[in-house]
1. Could you work out, residue by residue across B:294-302, how many beta carbons of other chains sit within 10 Å of that residue's beta carbon, and then give the average as an integer?
2. So, by mean Cβ neighbours within 10 angstrom, what's the order for B:442-449, B:299-306, B:111-118, B:374-381 with the highest one leading?
3. Report Rg/Rh for segment B:611-667, rounded to two decimals, where Rg is the Cα radius of gyration and Rh the Kirkwood radius.
4. Kirkwood-based Rg over Rh for segment B:72-226 (C-alpha set), two decimals?
5. Could you list the residues of segment A:6-46 with an amide nitrogen less than 14 Å from a label point located 7 Å from the Cα of A:E191 in the Cα-to-C-beta direction?
6. P(r) tail for chain B, what percent of Cα pairs lie past 35 Å?
7. Could you tell me which residue out of B:A794, B:L131, B:L240 lies farthest along the dipole of the protein assembly as shown toward its positive end? Charges go on the beta carbon: Lys and Arg +1, Asp and Glu -1, centred on the Cα centre.
8. In whole angstrom, note down how far apart the Cα centers of segment B:143-171 and segment A:32-94 are.
Amino acid sequence: MENILHIADLSKTYQSAGRTLTVLDNINFSVTTGSTNAIVGPSGSGKTTLLGLCAGLDRSSSGLVELNGINLGNMSEDKRAQVRNQYVGFIFQNFQLLPTLTALENVMVPLELRGERNIRARALDLLDKVGLAERGHHYPTQLSGGEQQRVSLARAFSNQPKILFADEPTGNLDAETSEKVIKLIFDLNKEAGTTLVVVTHDLELAAKTQRIIRIKGGKLVSDEKTNINA
Amino acid sequence: MPEPYQLEKPPLKLGWLFEMAWRDSRKNRSRLFLFISAIIFGIAAIVAIYSFGYNVKKDVDNQAATLIGADLSITSNKPVDASMLQTLNTLGDRRSQERSFASMIYFPKGNGTRLVQVRALQGEFPYYGSLETTPITAGTDFKNGKKALVDQTLMLQFNAQVGDSIKVGSVTFLIAGTLNKAPGQTGISAGIAPIVYIPLQYLTETGLMQKGSRISYNYYYKYDHDVNVTKLIKGLEPKLEKANLNYDTIDTRKENTGRSFADLTKFLSLVGFIALLLGCVGVASAIHIYIREKIASIAIMRCLGVRSTQAFLIYLIQIISIGLIGSIIGAALGSLIQYLLPLVFKDFLPITVTTDLSWMAIGQGVLLGVIISVLFALLPLIAIRNISPLNTLRMSYESVNLLRDPLRWLVYVLIVGFIVVFSYFQLDSWPASIAFTIGIFIAFLILTLIAKLLMWLAKLLISNSWSYLWRQGFANLYRPNNQTIILMVSIGLSTAFICTLFFIQSMLVRQVSVSATTNTANMILFDIQPTQKQPLAGLTTQYHLPVIQQVPVVTTRINTINGKNAAQVKKDTTIQVSPHVFANEYRVTYRDTLTPTEKVIDGEWQGKAKDGAEVPVSIEDRFAKRNHLKIGDHIEFNVQGSPVKTLVTSIRTVNWNKMQTNFLVVFPAGVLEDAPQFYAMLTHVPSKEVSAKYQQAVVKQYPNVSLIDLGQVLSILDELLDKLGDIIKFMSGFSIITGIVVLIASVRISKYQRIQESVLLRTMGASRRQILVISALEYLFLGALSALTGTLIAFAGSWLLAKFSFDIPFSADVLPAGGIFLAITLLTITIGLLNSRGILNKPPLEILRGDV
């Protein structure tokens, strides 16, 4: 299988009050195309930092991050933005919809950035898939948390990403809504053949992926395959 | 292997950027407009002044002929000699002549007397325009007999009617009409020196043409055929110059009047520019907070692949658009306001000003508005480039410092450069425009420093023993996202403006009032002939008035300075003496001692002339400085035809503020005693009634003697300051309104800052009253401190102006200052509370969900 993401000797340190704080320490792993993966760990273990580095949202202090064969380490922030637009989809714990854009416009933004045509119909189709075809003209504040996360899902899949990063996607949702959203994530993922990397401390969610990478104190402590098949 | 990556550089997608800018501004447009509205009044001021300036220029061009009243006018302040007269008589197809001088006139009906400008006219002048009179025919009829035209202000003041009579010198004239306007006359000049026209043929009979009288000889020429007057006069220039004659053509008048009004409008547009800058500081501060609130959205966009340039452009487009709208509204408002300007300036205008729409002014205003709003908004905008997409995962305010971009220094340079260049276009001088920019910078710096000091003091003073509400209100002054500095600068500057104006006006008026009421001299009589000296002193004593001073006055001119005459000085560019020094007449005196108002600062005072040696003279320090004269310089004076060689032996300062006969040049005793001379006399009149009676007696017995009553000067000064004050108030009004708009904008911004906190307080059970009290206290502190800072700056500014500019003792009215302080404070609280009302009336949940 091909690797969509390759992480080697990855470290991230911060300078704080005159001392060096190591948040991630020598992390190594690769993610195969089309697989579903979970990064789990307690609060403050560095899992969100790891996700940020993998997705090209931040620069590492040392080590290699290769996404779709592209070494993100040497790239400017603008180049990385371009990589994100072409290959990456995001789902956030707090949804991160643009508050001044309607649900439909939020879904359209990644496509507009790519300069694609007939995007309205595609965005509407995606909203339909997440069950929100009728709510396209609503603003985020007019939607419930679950609805906002579903819009965020539609947006994440709109640019047909090769890899989808999800940061605690159910962290702000109740159990029932969480379940619906998780199902949607996996269904859409399967349908689009996207690689999924989800950061969570929800072990139930993690168990739904094919692989669980555990992080603790900034170190990779285990990397296990689950029984889930692709 | 994954497919090879291809990252072709995508285009900026301008259309999409505009669409995103439009979408992103939703729900924020009213706020954005509120921010930008701070520049509206500054732009309005500038467009109004520019429109007015363009209209005045156009009107001066169109009406220049009526300003001068002839094709050519030639003026001399001494009788023109016969040979020159012959030359002058070859000029023009039609000729008029006029003698003008200051003299007392007497209204027999009401026993009133007044110093006026008498114009004795012969000929058909004015050839362009007319002497505007009531009845209309009086303008020409008065020349046919012993008739006069009397200025309308005088007619009103003395309750005179057409058909009454006035006495000018020894001749009684019938008032043929009321003079409403003479060519080139302004409301202000009519108030200071009202004009009375009499026919020239009766001038000698009046007895006012005596030696030493300061008379202007004016000759007016009209060509009935096409003649290039400018070319013609150029040929005559050397001859005219030699004879000390000045000339004016329609072109020169057009140029001079146009230039002085251009200077005025440029100065006023700088005042408008200050209002604009004030607004821009408000804009920069508001946009800073706006962008801070947008960090999350920008981070999301960056996450989705928006490039830093694109993110920057999205917000730049918003600012340009809203700046453009603000500027257009400002320009429209300015175009409306310009209709008011002729009313405000009416007393200073010699012409009728039209109020046409000036597209040029509108264009300049809009361009200026857009440039300056973008320049100031750039400070927070450039920081957008550094907002990391990581903020979507973890919002870290510490990592997003909007002010730490090195590019901001470039923006600062651009702003300062723009202010210097803009002011250069108004002032036509690089040093002046740099000084203006530094002045503005210092004013802002002082206010900012004081604001910082107050915030520091607030932190220091706050005590746990205070009630929660007081602590909360007070702490809002220095807590993050406070509006203390911007409010302090905007409100402080506006308050300082209006208070300084007020202080200076009342100080000047008080200064004159004090002189008028104490026992010092308050009336000066001049043009007293030597034979009248003793009897006039006797008459004064009869009225129980003191003869405080009687000084001889000799009229002189300067022939040479250090051996060089006017022509040589003009040729020699190394000599820094103005050729005007030779053209002016100098009224000098002689005595053996200095007066208490004089002090020698260089050289030595010599009160007696020595036989055979050059005459030692003392000159005033500012006169010396202006003309680069120093101790040891040789000046040859022309004392009514006789050359007198003198040596500058002392330079002295003179306190011109004291009612005293002061002189630029003082001769020692023993030189000028036999020269033709007249006397000036000082006395003190205790009341208006005594003044009126004494004036009547003097004018009746000595009609050539002129009087200046300080009480009258005071009322004229008061009127003049009032009129000037109206203009300054009008202009500073823009700054004040801008200050209020910035205040409203700042309060509204702080509303968004405080909203979460107030809602949390409400959810925890705080009552409406408690939240209102916290807000009221915060705005009370803000308003009071801003107004106090402004008032203190006004005190300091007025003190500096009083000491160094006006040279008068400093005094400030505390009561009106207190009134302004209270008004500004109350205004701040009112605006603050009106804005907070919105939060209190909404359910907390609605606000927590972000629906406001």
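1. 4
2. B:299-306, B:374-381, B:111-118, B:442-449
3. Reported Rg/Rh (Cα atoms, Kirkwood Rh): 1.00.
4. Looking at segment B:72-226, the ratio lands at 0.96.
5. none
6. 62 percent
7. The listed residue farthest towards the positive side: B:A794.
8. Cα centroid to Cα centroid, the span is 97 Å.
Every number here is computed from the coordinates shown, using simple stated rules; none is lab data. Owing to the predicted nature of the structure, the values given are computational and were not obtained by experimental measurement. For neighbour counting, all protein chains shown are included, and Cβ atoms are generated from backbone atoms with ideal geometry for every residue, glycine included.
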